[in-house]
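Student: Following this message is one structure expressed as structure tokens.
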Amino acid sequence: MTTADDFVIQFIQDKGLVSPDDVAAARSALGELKEGQNPDTVALEHLVAEKKVTWQSITQALGAEFDMEVVDVSQVAPAEELLKLVGREQAERHSILPLQMDGVELLVAIADPLDTETLDSLSRILKLTLHPKLAPPDELRSAIERCYSGGQVNVSYEEVFGKSEDGVSVELPQGGEVKEDDAPIIRYVNSLIVDAIRRKASDIHLEPLEKRFRVRFRIDGVLQEMKGPPKRLQPSVISRLKLMADVSLAEKRIPQDGRIQARTGGRDIDLRVSVLPTVYGESIVMRILDKEGLKLGLPELGFFADDQAKFQSLIGGSDGVFLVTGPTGSGKSTTLYSALNYINKPDRKIITVEDPVEYQMAGINQVQVKRDVGMTFAAALRAMLRQAPNVVMIGEIRDLETAEIAINAALTGHMVFSTLHTNDSVSAVTRLVDIGVKPFLVSAALRGALAQRLVRRVCQNCAQPHTPSSKELMSVGLTEKDLAGATPMKGAGCAKCGERGYKGRRGVFELFVITEEIQEMIYSGATLVDLRRKAREAGMRTMREDGMRKILSGMTTVEEVISATVADDVL
């Protein structure tokens with residue numbers, strides 16, 4: 001550890017981790033010390049070597065004593081910028097590893113909680129606030145060696161090619177001989193994909209910049225920088241991915257789209273690949289489509305029991321239109337697929353028309369839009385209705401023709417699901433009218449609309465009770481009285497959530513149910529303000545109000561709700 005090892009020896013003896021006899025035996029076994037060696041350090045190492053105590057138990061005891069969190073650094077992957085910020089020589093000399101940057105605060109792992117001098121000195125040099133966490137010294141040394149040696153992705157060659165016990169593999173395209181010189185690139189690309197899947201990333205971004213090749217993962221909706229390959233390997237990595245995605249290697253002037261199939265832990269995962277030419281080379285974004293996500297039950301989406309009951313009633317209807325609204329990335333597709341999964345029974349025929357087909361679902365007929373051959377949303381819809389489906393899902397209503405066919409399908413006994421890009425649920429009505437659908441048709445066909453946003457969920461492993469400040473409560477419209485009987489939580493940060501305090505995402509919802517009174521108002525051309533007022537009177541909660549409930553239940557935090565929703569008086 002450090003020159004404070006005399007304190008550590010006395011500390012672990014006082015805590016009963018070692019006996020006085022163990023300490024005496026360790027000191028008597030020192031023998032002749034080399035120049036510069038600290039006898040306490042050697043004695044402590046002897047105690048560990050003789051298995052009288054472990055570094056892990058010492059670190060846990062120190063963490064409890066100094067109220068510091070102990071982190072698992074075996075799988076940490078600091079961004080390249082952080083490794084440059086704290087150089088290797090400094091990291092090894094002071095046993096300190098940068099973990100993550102959070103504004104002007106740098107999270108670091110240290111082995112010695114008493115070494116405040118190093119922290120203060122480094123804080124002054126970097127002009128940053130350091131937030132230290134403890135790690136066992138042996139694990140910290142290994143992590144420093146791995147991270148500064150470029151061992152960012154801890155995945156073996158066998159794991160990449162599906163020979164590991166947990167069955168991780170990436171299916172490579174057929175054809176083409178793998179040359180020996182290509183093997184490192186193949187290993188890197190496949191390990192990158194495996195690492196992203198294991199971290200539960202939704203996207204992989206490979207971005208050519210002027211002097212480097214940046215790699216970022218989007219995890220729980222937030223981009224996090226990973227250690228990228230050297231700039232000189234950029235063309236090889238891009239070519240490998242284009243080959244796997246089955247797009248033209250020669251074409252570098254126009255955007256291209258492709259798909260890669262992967263398999264991990266017995267689950268099929270698709271990667272939708274987008275290639276975009278930029279000034280410094282081709283940028284690649286891979287959207288990871290995990291089919292297991294579609295098997296989420298409705299409670300896992302984030303519904304409370306009352307909203308879930310209303311939602312189930314709406315999607316279980318025999319006819320009408322049900323819309324899910326929100327911006328790109330708000331989880332609309334996942335909600336619709338989960339709804340289809342919920343109602344997918346042998347006595348129902350379900351057909352979808354999508355652009356593109358993101359997930360392939362058993363028992364459902366899915367149609368891919370192909371505009372170049374005339375297979376548009378409208379053309380596919382017309383053909384689908386001749387297939388006598390019970391339920392129709394349209395990827396998105398974008399124009400009057402598609403909207404009219406969907407409305408007519410609903411009026412002729414079909415249940416129609418679709419999405420719209422609107423800011424809230426009630427705006428779905430005015431959006432359909434703006435597209436050109438007659439108000440009386442909207443009134444007759446629309447059954448409800450669900451607006452949603454995604455908020456990060458407090459990590460269940462490191463969640464701790466947290467009382468928001470008066471300012472925080474005021475910012476979301478809560479009062480201190482609302483905290484009575486509530487259990488707000490906040491994640492402290494742990495290895496499972498990558499020290500972020502959040503793991504996974506849940507929805508905040510605004511469920512707009514069309515009542516007879518609201519039908520009459522739509523028919524009469526009521527304004528958005530009037531419709532919203534009537535919906536609130538009928539019991540509709542806004543997304544901000546749903547977020548409040550989720551803060552009080554401990555599902556998410558004030559910061560997340562503020563970032564994802566707008567105040568009700570803004571609407």
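The values are calculated or read from the model by the stated rules, or taken from the named source; none is laboratory data. Predicted model, so just to flag it, every value in this text is computed and none were measured. When we count neighbours, we look across all protein chains shown, and the Cβ atoms used for this are built from the backbone with ideal geometry, even at glycine. Just the protein is used for accessible areas: all its heavy atoms, side chains included, with ligands, DNA and RNA removed. Shrake-Rupley method; radii C 1.70, N 1.55, O 1.52, S 1.80 Å.
Student: Using only Cα atoms, find the angle between the long axis of helix 543-552 and the longest principal axis of the chain, and express it within 0 to 90 degrees, rounded to the nearest 10.
Tutor: 40 degrees
Student: Could you work out the percent of alpha carbon pairs in the stretch 414-549 separated by over 22 Å, rounded to a whole number?
Tutor: On the way: 4723 of 9180 pairs.
In whole percent, the share of Cα-Cα pairs in the stretch 414-549 beyond 22 Å is 51.
Student: Using only Cα atoms, find the angle between the long axis of helix 234-244 and the longest principal axis of the chain, and express it within 0 to 90 degrees, rounded to the nearest 10.
Tutor: Taking the Cα atoms of the chain, the angle to 234-244 is about 50 degrees.
Student: On average, how much area does the Cα convex hull of the stretch 226-277 cover when viewed from any direction, in nm²?
Tutor: Working: hull surface 18.0 nm².
Mean orientational projected area (the stretch 226-277, Cα hull): 4.5 nm².
Student: Can you give the accessible area per residue of the chain, in Å², using a 1.4 Å probe?
Tutor: Working: 27300 Å² over 571 residues.
About 48 Å² of surface per residue is accessible.
Student: Under the Karplus relation 6.51 cos²θ - 1.76 cosθ + 1.60, θ = phi - 60°, what is the ordered set of whole-Hz ³J(HN,Hα) values for the stretch 271-283, x standing for Gly and Pro?
Tutor: 10, 8, 9, 10, 10, 10, x, 10, 4, 9, x, 8, 8
Student: Sticking with this one: Hey, can you grab everything whose amide H is under 5 Å from the amide H of Val324? Only 5+ residues off in sequence or another chain; H modelled, so Pro and N-termini drop out.
Tutor: Sorted by chain and number, the residues that satisfy this are Ser418, Thr419, Leu420, Leu450.
Student: Another question, then. Of all DSSP beta bridges located in the chain, what percent are antiparallel, nearest 5? Intermediate values should be presented prior to the final figure.
Tutor: Numbers: 58 of 88 bridges.
Restricted to the chain, the bridges split so that about 65 percent are antiparallel.
Student: Can you give the charge dipole size of the stretch 19-102 about its Cα centre, rounded to the nearest 20 debye, using +1 on the beta carbon of Lys and Arg and -1 on the beta carbon of Asp and Glu? Spell out each step's value before the answer.
Tutor: Numbers: 7 positive and 16 negative charges, 48 e Å.
For this selection, approximately 240 debye.
Student: Hey, what number do you get for the chain at 222 nm if only DSSP H runs of n ≥ 4 count, each worth -39500 (n - 2.57), divided across all residues, to the nearest 500? Could the numbers behind the result be given before it?
Tutor: Details: 23 runs with 215 residues, N = 571.
So the helix-based figure for the chain works out to -11000 deg cm²/dmol.
Student: Hey, another quick one. In the stretch 231-352, how many lysine pairs have Cα atoms under 19 Å apart, counting only pairs 8 or more places apart or on different chains?
Tutor: Within the stretch 231-352, the lysine pair count is 9.
Student: Sticking with this structure for a sec: With N set to the residue count of the stretch 465-524, report its C-alpha Rg divided by 2.2 N^0.38 Å to two decimal places. Present the calculation step by step, with values, prior to reporting the outcome.
Tutor: Working: Rg = 18.9 Å, N = 60, 2.2 N^0.38 = 10.4 Å.
That works out to 1.81 for the stretch 465-524.
Student: Would you kindly find the accessible area of Leu249, with a 1.4 Å probe and non-protein molecules such as ligands, DNA and RNA excluded, rounding to the nearest 10 Å²?
Tutor: About 80 Å², rounded to the nearest 10.
Student: Right, here's the next one. Consider all pairwise Cα distances in the stretch 220-347 and report the whole-number % of them above 23 Å.
Tutor: 51 percent
Student: Using a simple charge model, +1 on the beta-carbon of Lys and Arg, -1 on the beta-carbon of Asp and Glu, nothing else, what dipole does the chain show about its Cα centre, in debye to the nearest 20? The partial results should precede the final answer.
Tutor: On the way: 70 positive and 81 negative charges, 392 e Å.
Taking the Cα centre of the chain as origin, the dipole is about 1880 debye.
Student: A further question follows. I'd like the accessible area for Ser28, computed on protein heavy atoms only with a 1.4 Å probe and all protein chains in place. Round to 10 Å², please.
Tutor: The value for Ser28 is about 100 Å².
Student: Right, next: Round to a whole angstrom and tell me the spacing of the C-alpha centers of the stretch 355-390 and the stretch 475-496.
Tutor: 44 Å
Student: Please list the non-local residues whose amide H lies under 5 Å from the amide H of Arg505, H modeled 1.01 Å from N, same-chain partners needing a gap of 5 or more.
Tutor: Arg457
Student: Send over the semi-axes of the stretch 401-440's equivalent ellipsoid, whole angstrom and largest first, taken as the square roots of 5 times the C-alpha gyration tensor eigenvalues. Provide the component values of the computation, followed by the final result.
Tutor: Values: eigenvalues 63, 28, 15 Å².
Values for the stretch 401-440, descending: 18, 12, 9 Å.
Student: Here's another thing I want to ask about it. Using only Cα atoms, tell me the angle between helix 183-198 and the longest principal axis of the chain; keep it within 0 to 90° and round to the nearest 10.
Tutor: Between helix and principal axis, roughly 70 degrees.
Student: Could you give me the percent of Cα pairs per 10 Å distance bin for the stretch 53-151, shortest bin first, beginning at zero and ending with the bin that holds the maximum distance?
Tutor: 16, 53, 28, 2
Student: For a quick check: with amide H placed at 1.01 Å from N, whose amide H comes under 5 Å from Gly554's, ignoring anything fewer than 5 positions away on the same chain?
Tutor: Thr487, Met489
Student: Among rounded, prolate and oblate, which fits the stretch 353-406 when a ≥ b ≥ c are the square roots of the eigenvalues of its C-alpha gyration tensor, a/c under 1.5 means rounded, and a/b larger than b/c means prolate?
Tutor: Numbers: a/c = 1.57, a/b = 1.19, b/c = 1.32.
Cα axes put the stretch 353-406 in the oblate bin.
Student: While we're here: Test of understanding: given the chain, find the longest segment containing no GluC sites (Glu not before Pro) that are in a DSSP loop and have at most 11 other Cβ atoms within 10 Å.
Tutor: 211-571
Student: Over all distinct Cα pairs, what is the inverse of the mean 1/r for the chain, reported as the Kirkwood hydrodynamic radius in Å? Numbers along the way, then the final one.
Tutor: On the way: mean 1/r = 0.0366 Å⁻¹.
Its Kirkwood hydrodynamic radius stands at 27.3 Å.
Student: Please report, to two decimal places, log10 I(q)/I(0) for the stretch 391-470 at q = 0.15, 0.16, 0.17, 0.21 Å⁻¹ as given by the Debye formula with identical point scatterers on the Cα atoms and no solvent.
Tutor: Result of the Debye calculation: -0.58, -0.62, -0.67, -0.94.
Student: Counting only protein heavy atoms and using a 1.4 Å probe, what share of the accessible area of the chain belongs to carbon plus sulfur, as a whole percent?
Tutor: Numbers: 13440 of 27300 Å².
That share works out to 49 percent.
Student: Using the Kirkwood radius over Cα pairs, work out the Stokes-Einstein diffusion coefficient for the stretch 321-385 at 4 °C and 1.567 mPa s, in µm²/s as a whole number.
Tutor: Working: Rh = 13.1 Å.
Rounded to a whole number, D works out at 99 µm²/s.
Student: Now, a different point. Given the alpha-carbon gyration tensor of the stretch 11-103, what are the semi-axes of its equivalent ellipsoid in whole angstrom, ordered largest first, with each equal to the square root of 5 times an eigenvalue? If you can, show how the numbers build up before the last one.
Tutor: Details: eigenvalues 194, 69, 20 Å².
Semi-axes from the Cα gyration tensor: 31, 19, 10 Å.
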